[in-house]
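Structure first, commentary second.
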Amino acid sequence: MDTFIQLTLNGLTLGSVYALIALGYSLVYGILKLLNFAHGDVFMVGTFIGFGTLQVLGGSTNPIVPIWLLLTLMTLAAMGGCAVLGVAIERFAYRPLRDAPRIAPLISALGVSFFIAYSMQLMFGAALKNYDTFSMDGGALYFNGFDIGNVRVPLIRIITIVSAFVMMVLLWLLVTRTRLGKAMRATSHDREAAAMMGIDIDKVIVFAFVLGSALAGAAGVLFALRVPTYATIGFLIGLKGFTAAVIGGIGSIPGALAGGLVLGFAESYTQGYISTRWSDLLVFVILILFLLFRPQGLLGKADIRKV
Amino acid sequence: MGGYDDELTRPLEGALEATTSEGPTSPAVGRDEWVARHGDNRRRRGGPLGKLEERLAAVPWWAWLTLLCVVAVLVPVVSDSGYVRRVAFDIAIYMLLALGLNVVVGWGGLLDLGYVAFYGIGAYAYALLSSEHYGIHLPTLVAIPLVVVIGAVVGFLVGLPSRRLTGDYLAIVTLFFLQLFLTVTTNGDDLFGHNVTGGANGILNVDPLSLFGHDLPVSTSGGVFNVAYLYVVMAAFVIVFVALRFVNLSRTGRAWRSLREDPLAAEVMGMPVNWLKLMSFAFGASIAALSGTFVSALNSSVFPLSFSFPLLITVYTMVILGGAGSQAGVVIGAIVIGVLLEVLRDPGDSRVLFYSVIVLGLFAALKLSRKLVAVLAGLFLFGLALRLIVGAIDSSWTSGSGGSGGQVADFMARWVVVPSEPAAWIAPVSYITLVAMALILTLLRGWVRLVVLVPVLYLAAFVWENVMLAKPEPTRYIILGVLLIALMILRPSGLLGEKRVEII
């Protein structure tokens, strides 16, 4: 039972990070029908910005600000930096190809992904970057928390899960309750019709990239608090984030959450009960099954192709 | 061709030639009269370059192929260095890989991101069939056809989901297949208790190729690369090239191209769309598997990491640069990229290449004009002034040495700011500034653009000397990434690809 609680907790943490990444894919795919391969690398840049901010603020052992402010600043810096990066990617790599055949922006996206990953490696080397959260405040993030049965729920997991959920709720409110959100939904439904109704399509697309990339940046910091990061980490994480988006139903915000959690739990239970080696295999099998039998995902709407 | 007296008659004549140039027996799929005229006019160039292009296009394809083979045969005659021979072998492998990817991406129009996994499967299958790992030693003439069939079958199986998937989803499934291949090979030393793939250590002591009972040693008695391997790969390349050429001219080839242009229309016309997709996957996969066998035999070992994402991007860049859909194009792409990657390994050569490309690019963009003189002079003076100022503030900033590269390196060491011991922050700050300024440059127009161009070029030289030369590995990949983006935006048809005009 203790193992099960521990694995559920791991899955929840992992799943909330996947969900944040999946949202970025969903937002962009919903509006542009474009698979943004570079999204995983935006996530990676987020982990690096968080690391850089941590170093600037004195490192994990002797930070010059209190720890809550430190974590907030790291997250905000990553969100801001990634948002700028996302806008630049859209402006320079995708916008010139908006009316090109569909395969063109995909190939361009591959190039962007490659460019970002190896640019980071050029600037900061290929070595692992560790936040070393264990030495923050004498390990407070790991020792404090509450217990479920014999299992300790450490502060660091609570922070990850709670902040991911708060961001998702904020995003949902933004999309459903504001004018801009309405414009986004309209554009996603029918871009040309939305443009004819006077919606500034460029603005909406840029905004989708800002939101998606900022969430990827936040996900980067939350992820790298527990796991060391490196320049080419974005490839696999991005692949999993996209899988989460597909499972949940691409284009749907609650769907991204559901997909992220399904994936997080699946991975965590496989690692705990079967083998740590084969969790990627399971993710692949789930993706194939969903694509073949329920391509619209858990919560998505079926796509009817008009000719 | 002759000159045109009246500009107005030109497009019409162009259209006539475009529609009849392939002869009445081979209809051009996906090109109606308007498309042909439009595409052809954009392709046609004026002036001496245009004439040259037309002359070159008139040379038959088999002449080019013969020329390529002659060059390959001459490689060992001209140079006895094992390094040069090995590079020639690698490029020949790249040419094979590009031919195979061209079938899937260029003809079928399917974005197969798992392509290098089939290359890996070929290499592993050959290694398992002829090494001490299982004690099986099949003769090459049995092993290679077997591996090719295995590759085709796996390609067929991976293609199965493609029946229902379009564009993006297919890309992600095949990309995951690549990841899966890497996972299985890396963890395959404990597959239900069996050691199948040797894990991260790979499979060692793979047999060399053998012909009629005679082994082809991978290196001659002097330890130099055995040039027979180059010839074997070139022979395979010629066979595959000619075979694919006939496939392309056949019913199947035409059907593939129509599938690429519009899958829905192809289906409506009664084409077996699913079967065609699977065929194209299987063709591509078997060619990749074939190239895998040669590499496996030559290296006498296989490792999982030789078949990962960077190689995939490399082959994609070759196909896109050469022009997806054009056989000759992708071969040229493979040669250009293969040579480029090799040149970038050496700091001296890559330095010369980098500055030649910049200067030639300036000439091409500005022609011989006052602007060109102004930019070059401005650049020269800007560099000298900046170096003087920086040197006056702190002399350690300009005391770095140029390194190898002959006169170019000497000149650069006197012109670019090269700190003797660059601080850690210099690399990220200068690189990010360069990328940002280069992006902004694309938005500017007119004289502002020329003014901004000067510091951007200087910064590029600075980054090249201080950051990129020291790290050839990421630099090569960054260049490939930039090339891919720039090609998709500026010239998606590559060097020799067919221009595609979409009618909406």
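One line per residue, one yes/no per condition, for (1) surrounded by 24 or more Cβ atoms within 10 Å (Cβ to Cβ); (2) out of contact with any Leu (no Cβ under 7 Å at 6 or more places or on another chain); (3) hydroxyl-bearing (Ser, Thr, Tyr); (4) assigned to a helix (DSSP H, G or I):
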{"site": "B:Gly284", "(1), (2), (3), (4)": "yes, no, no, yes"}
{"site": "B:Ala288", "(1), (2), (3), (4)": "yes, no, no, yes"}
{"site": "B:Ser306", "(1), (2), (3), (4)": "no, yes, yes, yes"}
{"site": "B:Pro310", "(1), (2), (3), (4)": "no, yes, no, yes"}
{"site": "B:Tyr316", "(1), (2), (3), (4)": "yes, no, yes, yes"}
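Hey, could you check the range B:364-401 for residues that are exposed (fewer than 13 other Cβ atoms within 10 Å of the Cβ) and polar (S, T, N, Q) and say which is nearest to B:Ile426 (Cα to Cα)?
Residue satisfying both the conditions and the ranking: B:Ser396.
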From the list B:Ala438, B:Ala461, B:Ala427, pick out the single residue that is over 20 Å from A:Leu85 (Cβ atoms), crowded, with 17+ Cβ neighbours inside 10 Å and assigned by TED's automatic domain parsing to the domain that holds B:Tyr355.
B:Ala461
When you look at A:Val206, is it modelled with pLDDT of 90 or more and not in a helix (DSSP H, G or I), yes or no?
no
Somewhere in the range B:475-497, is a residue aliphatic (A, V, I, L, M), under 21 Å from B:Leu386 (Cβ atoms) and buried (at least 19 other Cβ atoms within 10 Å of the Cβ)?
no
Counting only residues that are aliphatic (A, V, I, L, M) and within 11 Å of another protein chain (Cβ to nearest Cβ), which one in the range B:143-174 is surrounded by the fewest Cβ atoms within 10 Å (Cβ to Cβ)?
B:Leu160
Matching entry among B:Leu67, B:Leu74, B:Leu110 (being farther than 19 Å from B:Leu341 by Cβ, modelled with pLDDT under 90 and touching a Lys or Arg at 6+ places or on another chain (Cβ under 8 Å))
B:Leu110
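Does the range B:445-454 hold any residues that are surrounded by fewer than 19 Cβ atoms within 10 Å (Cβ to Cβ) and under 21 Å from B:Leu381 (Cβ atoms), and which are they?
Passing the criteria: B:Trp447, B:Val448, B:Arg449, B:Leu450, B:Val451, B:Val452.
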Need the failing condition index for A:Ser268 against (1) within 12 Å of chain B (Cβ to nearest Cβ); (2) hydroxyl-bearing (Ser, Thr, Tyr); (3) touching a residue at least 12 places away in the same chain (Cβ under 8 Å), just the number.
(1)
Of the residues in the range A:17-67 that are in a helix (DSSP H, G or I) and at pLDDT below 90, the one that is nearest to B:Ile172 (Cα to Cα) is A:Tyr29
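Only one residue in A:Leu122, A:Leu69 is without any contact (Cβ under 8 Å) to a residue 40 or more places away in the chain and either within 30 Å of B:Leu113 (Cβ to Cβ) or within 8 Å of chain B (Cβ to nearest Cβ) (or both). Which one?
A:Leu122
For the range B:96-137, name all the residues that are away from every other protein chain (no Cβ under 14 Å) and under 21 Å from A:Leu110 (Cβ atoms).
Residues satisfying the conditions are B:Leu97, B:Ala98, B:Leu99, B:Gly100, B:Val103, B:Phe118, B:Tyr119, B:Gly120.
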The one condition B:Ile332 fails out of (1) outside the structural domain of B:Leu441 (by TED's automatic domain parsing); (2) of a type in the set (A, V, I, L, M); (3) within 23 Å of B:Val408 (Cβ to Cβ) is (3)
Of B:Leu146, B:Leu165, B:Leu160, which residue is of a type in the set (A, V, I, L, M), without any contact (Cβ under 8 Å) to a residue 24 or more places away in the chain and within 16 Å of A:Leu292 (Cα to Cα)?
B:Leu165
Do you know which residues across the range B:269-282 are part of a helix (DSSP H, G or I), in contact (Cβ under 8 Å) with a residue 12 or more places away in the chain and not small (Gly, Ala, Ser)?
B:Val273, B:Asn274, B:Leu276, B:Lys277, B:Leu278, B:Met279, B:Phe281
Specify the residue that is farthest from the other protein chains (Cβ to nearest Cβ); the eligible residues are those in the range B:181-191 that are hydrophobic (A, V, I, L, M, F, W, C) and touching a residue at least 24 places away in the same chain (Cβ under 8 Å).
B:Phe181
Right, A:Leu170: within 14 Å of chain B (Cβ to nearest Cβ), without any contact (Cβ under 8 Å) to a residue 24 or more places away in the chain and not acidic (Asp, Glu) or not?
no
Residues in the range A:242-255 that are part of a helix (DSSP H, G or I) and either within 11 Å of chain B (Cβ to nearest Cβ) or without any contact (Cβ under 8 Å) to a residue 60 or more places away in the chain (or both) total 5
Could you tell me whether the range B:458-469 includes any residue that is closer than 20 Å to B:Leu344 by Cα, at the interface with another protein chain (Cβ under 10 Å from one of its Cβ atoms) and at pLDDT below 90?
yes
When (1) more than 12 Å from chain B (Cβ to nearest Cβ); (2) in contact (Cβ under 8 Å) with a residue 40 or more places away in the chain are applied to A:Gly198, the one that fails is (2)
If a residue has to be β-branched (Val, Ile, Thr), in contact (Cβ under 8 Å) with a residue 12 or more places away in the chain and over 15 Å from B:Ser291 (Cβ atoms) to count, how many in the range B:59-98 make the cut?
3
Selection within the range A:86-119 - part of a loop (DSSP other than H, G, I, E, B) and either within 8 Å of chain B (Cβ to nearest Cβ) or at pLDDT 90 or above (or both):
A:Ala100, A:Pro101, A:Arg102
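The values are calculated or read from the model by the stated rules, or taken from the named source; none is laboratory data. Just so you know, these numbers come straight off a predicted model, no measurement behind them. Note that each Cβ is placed from the backbone with ideal geometry, even for glycine, and that neighbours are counted across all protein chains shown.
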